[in-house]
1. Test of understanding: among S284, S278, S267, S297, which residue is under 29 Å from K49 (Cβ atoms) and modelled with pLDDT of 95 or more?
2. If A63 meets every condition in (1) within 16 Å of the ligand (Cβ to nearest atom); (2) closer than 24 Å to A250 by Cα apart from one, which number is that one?
3. Could you check how many residues of the range 266-304 are of a type in the set (K, R) and within 13 Å of V334 (Cβ to Cβ)?
4. Taking the range 32-51 as the search range and keeping residues that are within 17 Å of L372 (Cα to Cα) and within 11 Å of the ligand (Cβ to nearest atom), which one is surrounded by the most Cβ atoms within 10 Å (Cβ to Cβ)?
5. Quick check on my filter: what residues within the range 206-248 are more than 24 Å from D24 (Cα to Cα) and of a type in the set (S, T, Y)?
6. Tell me which strands (runs of 3 or more DSSP E) are completely within the range 127-241 and hold 3 or more residues being among the small types (G, A, S) and within 16 Å of the ligand (Cβ to nearest atom), or say none if there are none.
Amino acid sequence: MTDFVDSFEDEDPFDSAGLRLTVDLTALTENWKEMARRSGRARAAAVVKADAYGTGIEDAGEALYLAGARDFFVATADEGVTLRPYAPDARIFVLSGIWPGTERKFFGYDLVPVISSEEQLAFWMAVLADYGDHPCALHIDTGFNRLGLSMDDAIALADDVSRPASFAPVLIMSHLTCGDDHSSEMNRQQLESFRQVSAAYEGIASSLAASAGVFLGSDYHFDLTRPGITLYGGEAVQGMKNPMRPVVTAEARIIQVRTVTAGQFVSYGRALQLTRDSRLAVVSAGYADGYLRSQSSGGVPLRQVVPQGGQGFLAGRKVPIAGRITMDLTIFDVTDIPENAVRAGDYVELFGKNVLVDDVARSAGTIGYEILTSIGLRHERRYLVEEE
Ligand SMILES: *Cc1c(COP(=O)(O)O)cnc(C)c1O
């Protein structure tokens with residue numbers, strides 16, 4: 001048994017993986033530089049929550065750090081702890097804030113909690129009394145109604161002379177609800193509200209724009225922008241041509257190619273009936289891998305609203321999904337690919353340069369963010385860096 005295992009030691013698991021992801025770190029850092037350029041005089045942070053949108057927080061975080069990013073946003077303290085060795089002297093903001101029992105992570109790894117409620121604020125004051133000085137950020141709600149201190153509480157806090165000297169916010173932030181829709185009146189309203197709060201905190205850096213907000217123009221940039229999805233190549237603004245480079249390519253291996261005659265049905269629920277003699281490629285990725293079932297060509301409610309199901313890319317052409325996506329397997333119709341150009345062992349691109357992640361999202365009834373962060377643990381990942 002040992003010999004058997006040893007003899008495979010030299011093989012690269014990437015070459016035989018059922019599902020493999022290629023992350024282009026050069027495209028990632030170019031995208032960050034592009035967002036930094038578009039942020040004008042503001043500094044650009046890098047949002048690396050959810051394992052850097054599924055690309056791997058260690059490698060993505062280090063590449064962004066080496067490209068010059070010095071402000072990072074993560075969702076949880078654990079993500080901050082993971083990132084710290086790769087971004088040694090960077091500021092790491094934790095969006096979900098601090099919770100009893102997590103103090104040591106903040107102080108030991110120099111993480112900055114984003115305080116977003118009166119309860120967290122009270123807890124933070126108590127922590128400062130026990131542990132000593134430490135920076136924090138304040139999240140103020142300007143209309144999202146997700147997290148954040150109310151405007152009134154935030155302004156009262158700014159004017160409160162009795163607050164302890166160890167309470168030292170280094171950033172005032174808020175988040176846009178409709179940044180992806182540039183025609184929305186809400187953007188202006190939130191901008192006006194945020195200006196009021198940031199004026200109350202004169203001398204402290206402020207931040208309003210995520211990716212979409214950067215494209216709203218310099219009024220929205222303040223001192224720090226917080227791009228996430230654009231770094232990973234996704235669309236931030238509805239109806240705008242996406243200027244970012246694709247970063248992630250997902251490919252699934254073909255396990256079997258089968259020939260099926262016209263009139264037969266494919267996959268669960270007989271959701272697709274073939275109208276011609278067909279060749280079908282069965283690949284090693286399904287909804288358990290985050291390849292969302294709602295992309296199925298038929299037999300899912302979404303097809304009544306968005307007629308077109310998902311597509312893959314193989315041998316220079318797009319190939320449609322055939323029938324329902326299953327837990328571990330997806331079937332593609334490869335009838336239009338020359339017979340000698342498709343074989344078991346080949347890989348079908350699920351998304352990447354030829355099938356954009358946002359097109360996958362549209363046929364799944366969701367957004368690129370969900371596609372990127374849904375590709376779970378059952379894959380091999382490789383990183384690419386372009387030669388200078
Ligand atoms: C996720 C998040 C971001 C990044 O948003 P993108 O749309 O991915 O650029 C910025 N700020 C906050 C508060 C977030 O939660």
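The values are calculated or read from the model by the stated rules, or taken from the named source; none is laboratory data. Bear in mind the structure is a predicted one, so any value in this text is a computation, not a measurement. So basically every Cβ, Gly included, is an ideal-geometry build from the backbone, and we count neighbours across all protein chains shown.
1. On the way: S278 fails: under 29 Å from K49 (Cβ atoms); S267 fails: under 29 Å from K49 (Cβ atoms); S297 fails: under 29 Å from K49 (Cβ atoms).
Sole residue among the options that is under 29 Å from K49 (Cβ atoms) and modelled with pLDDT of 95 or more: S284.
2. All conditions are met except number (1).
3. Our first condition is that a residue be of a type in the set (K, R); within the range 266-304, this holds for 270, 276, 279, 293, 303.
If we keep only those that are within 13 Å of V334 (Cβ to Cβ) as well, we get 276, 279.
Within the range 266-304, residues that are of a type in the set (K, R) and within 13 Å of V334 (Cβ to Cβ) number 2.
4. Only one residue fits best here, namely V48.
5. Of the range 206-248, the ones more than 24 Å from D24 (Cα to Cα) are 206-209, 213, 216-224, 238-239.
Passing the criteria: S206, S207, S218, Y220.
6. Numbers: elements: 134-139, 167-173, 205-207.
Answer list for the range 127-241: 205-207.
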